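One structure is given here, and the rest of the page talks about it.
Nothing in this text is a laboratory measurement; each read-out follows from the coordinates by a stated rule. The model shown is predicted, which means the values in this text are computed figures rather than measured ones. Here the Cβ positions follow ideal geometry from the backbone for every residue, glycine too, while neighbour counts run over all protein chains shown.
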Amino acid sequence: MTGATTIEEVSPRAAQVASHGRRVDLTARSTLRGIGDLAASVGLRRVTTSTEEFTARDGSAIRRAAATAVIRNPWAGTLTGADLGQTHERIAPVLAKILTDRLIDALGPVEQIMAFGKAAVAGVDGELEHASALIHTAYFGNVVREALDGTSILCFADGIGEPGSTIRVPMWHKTAASTRDYYQTIEVTLSDGPHRDELAVIAAASTGPRPFARIGDRSTDHPVTTDILKGITL
């Protein structure tokens, strides 16, 4: 296996380019460069893209990638009853666009991407629901799914963490979630965030199945019930 990591630190000066109230069209805009206005709007501090490459049984390359955005937690220090609605509706689509642009850049074209997943980690001054708010609604999931040409629900992981922690992001086939060969994970190391008052949001993708998948498929399995426990061979 080989791998690489690209780190983008948002320039403090670029992050001051405020865009409050200004409407922008991101559908045809690349976010690979010049994202100072977006960073200022969503509190983005850092974007990391990590890639892995495996050799499959037939000698072909299978590539995986995870793109991670670290942002200021807009709800840090709020009470557990605080409304999360309008804020996640504003931030989540922007993060989805920034992350999927990097997945496509790392693995594309988009037709080569076959599996996807998502994750979010809240810093210790936040709560799990803050992480969930940014990935578990249509404002994030639908944008990721459409950008990567998928139809499946995105599988996920979430949690509370701090710099130096790791999270394994699950993935499955982007249009056929029951295709067992594509059940896989990518490990993401959160080397510099989330800090206490931050959130890390992750989108992940793969160009193929597990390298040596050979345990059949859910769509072709014969029926299995608890009756099999009546005749276990020891």
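Summary of computed values
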{"read-out": "Gain on full stretching of the segment that runs from residue 192 to residue 234 - 0.36 nm per residue minus C-alpha separation", "value": "10.2 nm"}
{"read-out": "Listed residues 35, 66, 78: farthest to the positive end of the dipole of segment 4-160 (Cβ charges)", "value": "35"}
{"read-out": "Positive dipole terminus of the chain, leading residue within 56, 87, 161 (C-beta point charges)", "value": "56"}
{"read-out": "Residue 137-residue 165 pseudo-label distance in nm [points 7 Å out on the Cα-to-Cβ vector]", "value": "2.3"}
{"read-out": "Cβ charges +1 (Lys, Arg) and -1 (Asp, Glu), total dipole of the chain, debye", "value": "300"}
{"read-out": "Helix-derived mean residue ellipticity, 222 nm - over the chain, DSSP H n ≥ 4, -39500 (n - 2.57), to 500", "value": "-6500 deg cm²/dmol"}
{"read-out": "Choice from 74, 223, 194 showing the highest fluctuation, given a GNM over the chain with Cα pairs closer than 10 Å", "value": "223"}
{"read-out": "Given 15 as the ceiling on other Cβ atoms within 10 Å, longest exposed-site-free region of the chain for trypsin sites (Lys or Arg not before Pro) in DSSP loops", "value": "58-195"}
{"read-out": "Distance (nanometres) between label positions extended 7 Å along Cα→Cβ at residue 112 and residue 60", "value": "1.2"}
{"read-out": "Of the chymotrypsin sites (Phe, Trp or Tyr not before Pro) in segment 172-218, those whose Cβ has at most 16 other Cβ within 10 Å and which sit in DSSP loop", "value": "212"}
{"read-out": "Only Lys, Arg (+1) and Asp, Glu (-1) charged, at Cβ; segment 72-201 dipole about Cα centre in debye", "value": "260"}
